[in-house]
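A.B. asks: I have a structure here, written as structure tokens, and I will follow up with some questions on it.
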Amino acid sequence: AQSVTQLGSHVSVSEGALVLLRCNYSSSVPPYLFWYVQYPNQGLQLLLKYTSAATLVKGINGFEAEFKKSETSFHLTKPSAHMSDAAEYFCAVSFYNNNDMRFGAGTRLTVKP
Amino acid sequence: NAGVTQTPKFQVLKTGQSMTLQCAQDMNHNSMYWYRQDPGMGLRLIYYSASEGTTDKGEVPNGYNVSRLNKREFSLRLESAAPSQTSVYFCASSGTPYGYTFGSGTRLTVV
């Protein structure tokens, strides 16, 4: 069965620093991969998705992620953190016609002034 | 605004009480889902409905039932609430495999 592992339950960066949130997946077939963001007391919002097209995926708010099949990874990056990026981030995996999207445990991002 | 609407937003139940969480979407999506979110565990799928008239179990279905009332509405019922069901519940919908739209959640406490 497919699954995702997010490395680091908490990540803290300074404003303006690089953001790197790590996600590794396990899937027996080519996966679809997603990053979602959750702000306090809100639902999840889709940041970006990989669906077997370009391996470098650009999303909203300046985030991007690169699908690396050889490393089974889909890490999320942003060159320069902003205070408004403070939130919880979830990596998720599914595949076509599969209604069972599996989520990682989440990484809470803190941005220090 | 188009999206997924969940009611209620907050609920406190006593052990053994029953309740139904309501979810409606206005995006004409075929698929709908119920997840629970617990600290350190991410989101876990309870039940899903791939189309009107069908429902299937997810990862953690025990203690829950669902009804796909029509294409718009998908409800989650707790027949006899237990403290282990204290959680935040999210409904989501999808028209394709390419990502879900989530509601804002229901925070349920069972005492």
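The values are calculated or read from the model by the stated rules, or taken from the named source; none is laboratory data. Values in this document were obtained by computation on a predicted structure and should not be read as measured data. A quick note on method: Cβ atoms are made from the backbone with ideal geometry, for glycine too, and the neighbour counts reach across all protein chains shown.
A.B. asks: Which of the residues that make up the stretch B:6-33 are part of a strand (DSSP E or B) and of a type outside the set (Ser, Thr, Tyr)? Give the steps one after another, and end with the answer.
C.D. replies: Step one: of the stretch B:6-33, the residues part of a strand (DSSP E or B) are B:6-7, B:10-13, B:19-25, B:31-33.
Hits for the stretch B:6-33 are B:Gln6, B:Phe10, B:Gln11, B:Val12, B:Leu13, B:Met19, B:Leu21, B:Gln22, B:Cys23, B:Ala24, B:Gln25, B:Met32.
A.B. asks: Would you mind stating whether A:Leu109 is under 26 Å from B:Gly40 (Cβ atoms), surrounded by 20 or more Cβ atoms within 10 Å (Cβ to Cβ), of a type outside the set (D, E, K, R) and facing chain B (nearest Cβ under 10 Å)?
C.D. replies: On the way: under 26 Å from B:Gly40 (Cβ atoms): yes; surrounded by 20 or more Cβ atoms within 10 Å (Cβ to Cβ): yes; of a type outside the set (D, E, K, R): yes; facing chain B (nearest Cβ under 10 Å): no.
Criteria not met by A:Leu109.
A.B. asks: Something else: Can you say whether A:Pro30 is surrounded by fewer than 15 Cβ atoms within 10 Å (Cβ to Cβ), closer than 16 Å to A:Arg102 by Cβ and not polar (S, T, N, Q), as far as the supplied structure shows?
C.D. replies: Numbers: surrounded by fewer than 15 Cβ atoms within 10 Å (Cβ to Cβ): yes; closer than 16 Å to A:Arg102 by Cβ: yes; not polar (S, T, N, Q): yes.
Considered against the rule, which asks whether it is surrounded by fewer than 15 Cβ atoms within 10 Å (Cβ to Cβ), closer than 16 Å to A:Arg102 by Cβ and not polar (S, T, N, Q), A:Pro30 comes out as yes.
A.B. asks: Residue check: is A:Thr55 surrounded by 13 or more Cβ atoms within 10 Å (Cβ to Cβ) and of a type in the set (S, T, N, Q)? Can you show your working first?
C.D. replies: Numbers: surrounded by 13 or more Cβ atoms within 10 Å (Cβ to Cβ): no; of a type in the set (S, T, N, Q): yes.
Considered against the rule, which asks whether it is surrounded by 13 or more Cβ atoms within 10 Å (Cβ to Cβ) and of a type in the set (S, T, N, Q), A:Thr55 comes out as no.
A.B. asks: Something else: Which of the residues belonging to the stretch A:92-111 are under 11 Å from A:Val4 (Cα atoms) and either of a type in the set (Gly, Ala, Ser) or at pLDDT 95 or above (or both)?
C.D. replies: The answer is A:Ala92, A:Ser94, A:Gly104, A:Ala105, A:Gly106.
A.B. asks: A further question on this structure: Could you list all residues from the stretch A:20-45 that are of a type in the set (A, V, I, L, M) and within 13 Å of A:Glu88 (Cβ to Cβ)? Before you say what the answer is, go through the steps one by one.
C.D. replies: Keep residues of the stretch A:20-45 that are of a type in the set (A, V, I, L, M), which gives A:20-21, A:29, A:33, A:37, A:44.
Residues satisfying the conditions are A:Leu21, A:Val37, A:Leu44.
A.B. asks: I'd like the full set of residues that are under 15 Å from B:Arg36 (Cα atoms) and within 14 Å of another protein chain (Cβ to nearest Cβ), limited to the stretch B:56-73. Spell out the reasoning first.
C.D. replies: The initial filter retains those residues of the stretch B:56-73 that are under 15 Å from B:Arg36 (Cα atoms), namely B:57-66.
Across the stretch B:56-73, the qualifying residues are B:Lys57, B:Gly58, B:Glu59, B:Val60, B:Pro61, B:Val66.
A.B. asks: State whether one or more residues within the stretch B:10-23 are within 24 Å of A:Tyr89 (Cα to Cα), surrounded by 21 or more Cβ atoms within 10 Å (Cβ to Cβ) and at pLDDT 95 or above. Outline the logic, then answer.
C.D. replies: Let us first name the residues in the stretch B:10-23 that are within 24 Å of A:Tyr89 (Cα to Cα), namely B:10, B:23.
Of the ones still in play, those that are also surrounded by 21 or more Cβ atoms within 10 Å (Cβ to Cβ) are B:23.
Applying the additional criterion that residues be at pLDDT 95 or above yields B:23.
Yes: one or more hits.
A.B. asks: Considering only strands (runs of 3 or more DSSP E) fully contained in the stretch A:15-76, which possess at least 2 residues that are closer than 30 Å to B:Pro8 by Cα and in contact (Cβ under 8 Å) with a residue 60 or more places away in the chain? Steps first, answer last, please.
C.D. replies: Values: elements: A:19-26, A:32-38, A:44-50, A:56-58, A:64-68.
Here the list reads A:32-38.
A.B. asks: Moving on. Please tell me if A:Ser52 is farther than 14 Å from A:Ala105 by Cα, away from chain B (no Cβ under 13 Å) and not acidic (Asp, Glu).
C.D. replies: Working: farther than 14 Å from A:Ala105 by Cα: yes; away from chain B (no Cβ under 13 Å): no; not acidic (Asp, Glu): yes.
No, not satisfied.
A.B. asks: Which pairs do you get when a residue that is in contact (Cβ under 8 Å) with a residue 60 or more places away in the chain, found in the stretch B:66-86, comes within reach of a residue that is assigned to a strand (DSSP E or B), reach meaning Cβ atoms under 6 angstrom, with the pair 6+ apart or on two chains?
C.D. replies: Pairs found: B:Leu78/B:Met19; B:Ala81/B:Leu13; B:Ala81/B:Val110; B:Pro83/B:Val110.
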